[in-house]
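Take a look at the structure set out below.
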Amino acid sequence: MPTQSPTCTNLRIRSVRDAEIVLHAVTLNRLPMVHRRLDDDDRLSLMTGCIYVWEERSSNPLECTGQEIQRFTEGRSWGPSRARDDFLLYYEKESNSRSSVHLRNNLMGSAQLIKQTYSVVVHEPDGKTRKWHLNAYYTQDTVDQLRTVDDIPILRDITVPRGRYICARTSGTRNVGERPPSSIVYRDGVPPLRSSSTDVSPGAHSPLSPTTSGRHTSVTSRPAEPLSARRLAPLEYLQALPPPVRSPVDAEALNAFRLPP
């Protein structure tokens, strides 16, 4: 099997903007996507500056195209993730169960790698959503020597459509009809409080979708009773009320517990 090339090499990701430019370059077929897991030769080629863009396999078989990857592995051991803005960072660690590829890399004197990941939900024009991942690798000693997207002619002129790539770490697209969070609009810009009252009509607190005219769909609900109208009855009135009539069944049950004279 021929060696699989990374999406790009000798490149570092400085920000979400950089990551989205690389992702959109893949969409525009300016850069390749990785379609299979790395084999031994691919893993040996992994070095600082390598970037891989890959698509996560969907749990729905009808949505699979055969170009997705279930799990991306490099034959290395990583420490726990550390969040930095919308990225996750993993630091390579020593392991007693390292693969032969990892051992060969260490024998060649490779420095500790850092893996930087960014995951997005991609909204396709046909309404489908896919999950893409960007893995970037670098070392502390070489990161400043790597190129940026501004140094590469096929990348520096790319304009990413707004809302095309939604960060998976903060995405709410699994809710409200798979829409991105930016399309959910609440009245007065504040999400409503949940209410246990049955007086409110269904949907009175549901998010509002912007209409084509830019105005919100009106939502009606029963007006709340003012606090001034909610007054307690006078104590004298309550004391003068006759006691409620006891149910015959309850009265019979109470009489059964009375002691005989």
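Some points to look at:
- Residue ID - nearest to Tyr165 (Cα to Cα), chosen from residues in region 2-35 that are among the hydroxyl-bearing types (Ser, Thr, Tyr) and either outside any loop (DSSP other than H, G, I, E, B) or in contact with a Cys (Cβ under 9 Å, 6 or more places away or on another chain) (or both): Thr27
- Residues located in region 36-54, provided they are within 20 Å of Trp132 (Cα to Cα), assigned to a loop (DSSP other than H, G, I, E, B) and in contact (Cβ under 8 Å) with a residue 60 or more places away in the chain: Leu46, Gly49, Cys50
- Selection status of Arg43, touching a helix residue (DSSP H, G or I) at 6+ places or on another chain (Cβ under 8 Å), among the charged types (D, E, K, R) and either modelled with pLDDT of 85 or more or surrounded by fewer than 18 Cβ atoms within 10 Å (Cβ to Cβ) (or both): yes
- Annotation: of all residues in region 137-163 being surrounded by 11 or more Cβ atoms within 10 Å (Cβ to Cβ) and of a type in the set (Ser, Thr, Tyr), the one that is farthest from Asn10 (Cα to Cα) is Thr139.
- If you filter region 56-102 down to residues that are of a type in the set (Lys, Arg) and under 20 Å from the mean Cα position of the chain (by Cα), you find that the one that is modelled with the lowest pLDDT is Arg57.
Per-residue answers, yes or no, for (1) charged (D, E, K, R); (2) crowded, with 17+ Cβ neighbours inside 10 Å; (3) within 18 Å of His133 (Cβ to Cβ); (4) at pLDDT 95 or above:
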{"residue": "Gln4", "(1), (2), (3), (4)": "no, no, yes, no"}
{"residue": "Asn10", "(1), (2), (3), (4)": "no, no, no, yes"}
{"residue": "Ile13", "(1), (2), (3), (4)": "no, yes, yes, yes"}
{"residue": "Asp18", "(1), (2), (3), (4)": "yes, yes, yes, yes"}
{"residue": "Leu23", "(1), (2), (3), (4)": "no, yes, yes, yes"}
{"residue": "Met33", "(1), (2), (3), (4)": "no, yes, yes, no"}
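The values are calculated or read from the model by the stated rules, or taken from the named source; none is laboratory data. The structure displayed is predicted, hence computed values, not measured ones. When we count neighbours, we look across all protein chains shown, and the Cβ atoms used for this are built from the backbone with ideal geometry, even at glycine.
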